[in-house]
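Below is one structure, written out as structure tokens; comments come after it.
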Amino acid sequence: MSSINQVVSQIDQARLWERHERLAEIGATSRGGVNRQALSKEEILARKQLREWGSVIGLVPYSDAIGNFFLRYPGENGDLAPVVTGSHIDTQPTGGRFDGSFGVLAALEVIEAMHATGYRPHRSVELVAWTNEEGSRFAPGMMGSAVFRGQRELDAMLAILDSDGVSVGESVAAIRSAESEVCERPLGFSLAAYIEAHIEQGPILELQRKVIGVVSGIQGKRVFRVTVDGEENHAGTSPRAMRKDALVAAVNMIGALHDAIYDSEDVVKFTVGRFEVRPNAPSVVPAAVHFSIDLRHPDDAVLQRLGDSIEPVCTQHQGPCTVAVKELSNDPALEFPVAVRDTIRAIAKDLSISYLDMPSAAGHDARHINYLCPTGMIFIPCEGGISHNEAESCEAEHLFEGARVLAGTVMRLAEMT
Ligand SMILES: [Zn+2]
């Protein structure tokens, strides 16, 4: 039996499921979900539980200046860059039991299985739980991986406050003082590869009756803020020809954008999620409107073209008003390396587990780590595609199959010279 088959055979479905149940008790909500905010006392407890599980098999814990958490399983060549696998353990306020936690607990299960067979990989294998993926207590999200990558400044992130005025810096200090035995390590150390297992958070795998999503990449996202300026006037007396109604102009713009961006295949995602009218009074012609645009597409060329069309479409439909379109962020669509995807697919095939190539519609920490090392993601189904919801649910068998594919993939990557 090959060493991959030996290790994969040690992946324990019951243990993996019980650990999800145990972790979900930390920050449990009354409706069966989880509220475990980034760098909170609940996250401190969850990390303590991870350390306890890790210490039984001798894993060494580490943390860095933004609070990212690692457990290291040493390889034969401890000096080589490790293969890192994991996700996050913070949640939305009404989050579920599997978003993020699955990737971290699957990583631990992979290491457990390696340990059980006495297998020592060529490179070390490390579990990671990135800080503040959700961006719920502290905005922006994916903070730990973005700082690790060097895309966001550490000091700027440490200064960010939650709604109670507590800073990221104070919260990282609190977590570090609760983890006095955890060694500190530098941000951005070299990684040989990064694999993130995650629930799909969408309905595709379930609809297609497949167990593993071989993630081709993460769709790109551009965010805009549109400001339409008109003029306040009396709703009863001002003639139409004199009106500068910002609401009418904004509605025309949104209608025209919907038409311009419409695609019959439903790949483009276009959302106006925030819409503010001023003065928002029943008898006053609206003077100003602010609205947001969230635009997403997996093909970067399409995303850039559609995003660039927003300003001209708005200007064409401004009427007597004026419009300003400001871009707040532009995260390009990305594709994970073909070699990593091929490895995941080959392992799924070898294990006779059904799979599907698919892009990720949601952002993940892998978005940032992709720029540091060969990166890939493994999806498993979640019931009804429901996530960021207390009702989020997964089959124990899918967690198990996902962990088995993760084990084979990590082993292949950890043998790279
Ligand atoms: Zn997540």
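Conditions (1) under 22 Å from Thr94 (Cα atoms); (2) in contact with a Lys or Arg (Cβ under 6 Å, 6 or more places away or on another chain), marked per residue:
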{"position": "Asp350", "(1), (2)": "no, no"}
{"position": "His368", "(1), (2)": "no, yes"}
{"position": "Pro374", "(1), (2)": "no, no"}
{"position": "Ile380", "(1), (2)": "yes, no"}
{"position": "Glu383", "(1), (2)": "yes, no"}
{"position": "His388", "(1), (2)": "yes, no"}
{"position": "Glu392", "(1), (2)": "yes, no"}
{"position": "Gly402", "(1), (2)": "no, no"}
{"position": "Thr409", "(1), (2)": "no, no"}
Tell me yes or no: at least one residue of the stretch 69-88 is surrounded by fewer than 24 Cβ atoms within 10 Å (Cβ to Cβ), basic (Lys, Arg) and closer than 19 Å to Ser387 by Cβ. no
Has the stretch 323-337 got any residue that is over 25 Å from the mean Cα position of the chain (by Cα) and surrounded by fewer than 20 Cβ atoms within 10 Å (Cβ to Cβ)? yes
Look at Glu170 and say whether it is in contact with a Cys (Cβ under 8 Å, 6 or more places away or on another chain) and either away from the ligand (no atom under 16 Å from the Cβ) or of a type in the set (Ser, Thr, Tyr) (or both). no
Does Ala107 qualify as being in a helix (DSSP H, G or I) and either within 23 Å of the chain's Cα centre (by Cα) or at pLDDT below 95 (or both)? yes
(1) out of contact with any Lys or Arg (no Cβ under 7 Å at 6 or more places or on another chain); (2) touching a residue at least 12 places away in the same chain (Cβ under 8 Å); (3) not in a helix (DSSP H, G or I) all hold for His290 apart from (1)
Which residues, taken from the stretch 121-137, are in contact with a helix residue (DSSP H, G or I) (Cβ under 7 Å, 6 or more places away or on another chain), away from the ligand (no atom under 16 Å from the Cβ) and in a loop (DSSP other than H, G, I, E, B)? Pro121, His122, Arg123
Quick one: count up the residues across the stretch 189-207 that are exposed (fewer than 14 other Cβ atoms within 10 Å of the Cβ) and in contact with a Leu (Cβ under 9 Å, 6 or more places away or on another chain). 1
Residue among Thr375, Thr322 that alone is more than 16 Å from the ligand (Cβ to nearest atom) and among the hydroxyl-bearing types (Ser, Thr, Tyr): Thr322
Please go through (1) over 35 Å from the mean Cα position of the chain (by Cα); (2) in contact (Cβ under 8 Å) with a residue 12 or more places away in the chain for Arg240 and return the number of the only condition it doesn't satisfy. (2)
Pair list, Cβ < 8 Å and 6+ apart or interchain, from the stretch 349-365 residues that are closer than 22 Å to Glu397 by Cβ and touching a residue at least 60 places away in the same chain (Cβ under 8 Å) to residues that are more than 16 Å from the ligand (Cβ to nearest atom) and assigned to a loop (DSSP other than H, G, I, E, B): Ile353/Val211; Ser354/Arg209; Ser354/Lys210; Ser354/Val211; Tyr355/Lys210; Tyr355/Val211; Leu356/Lys210
Selected residue [over 15 Å from the mean Cα position of the chain (by Cα), crowded, with 20+ Cβ neighbours inside 10 Å and closer than 20 Å to Glu200 by Cβ] from Glu390, Glu383: Glu390
List pairs: first residue in the stretch 149-164 and under 14 Å from Gly135 (Cα atoms), second residue β-branched (Val, Ile, Thr) anywhere in the structure, Cβ distance under 6 angstrom, at least six positions apart or on different chains. Met157/Val147; Met157/Val168; Leu158/Val168; Ile160/Val168
Checked pairs for the stretch 42-59, first at pLDDT 95 or above and part of a helix (DSSP H, G or I), second small (Gly, Ala, Ser) and surrounded by fewer than 21 Cβ atoms within 10 Å (Cβ to Cβ), C-beta under 8 Å and 6 or more apart or across chains, list as Ile44/Ala174; Ile44/Ala178; Lys48/Ala178
Got a number for residues in the stretch 138-181 being in a helix (DSSP H, G or I), more than 22 Å from His364 (Cα to Cα) and among the polar types (S, T, N, Q)? 2
Wholly within the stretch 187-281, which strands (runs of 3 or more DSSP E) include no fewer than the required count, namely at least 3 residues that are of a type outside the set (A, V, I, L, M) and within 16 Å of the ligand (Cβ to nearest atom)? 193-199
From the list Gly144, Gly95, Gly118, exactly one residue is within 15 Å of the ligand (Cβ to nearest atom) and farther than 19 Å from Ile380 by Cβ. Which is it? Gly144
Residue by residue through the stretch 367-384, note down the ones that are assigned to a strand (DSSP E or B) and either of a type in the set (Gly, Ala, Ser) or farther than 20 Å from Asp342 by Cα (or both). Gly376
Scanning the stretch 89-107 residue by residue, the ones that are out of contact with any Cys (no Cβ under 9 Å at 6 or more places or on another chain) and surrounded by 24 or more Cβ atoms within 10 Å (Cβ to Cβ) total 11
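The values are calculated or read from the model by the stated rules, or taken from the named source; none is laboratory data. Computed from a predicted structure; not experimentally measured. Glycine gets a Cβ as well: all are built from the backbone with ideal geometry, and neighbour counts include every protein chain shown.
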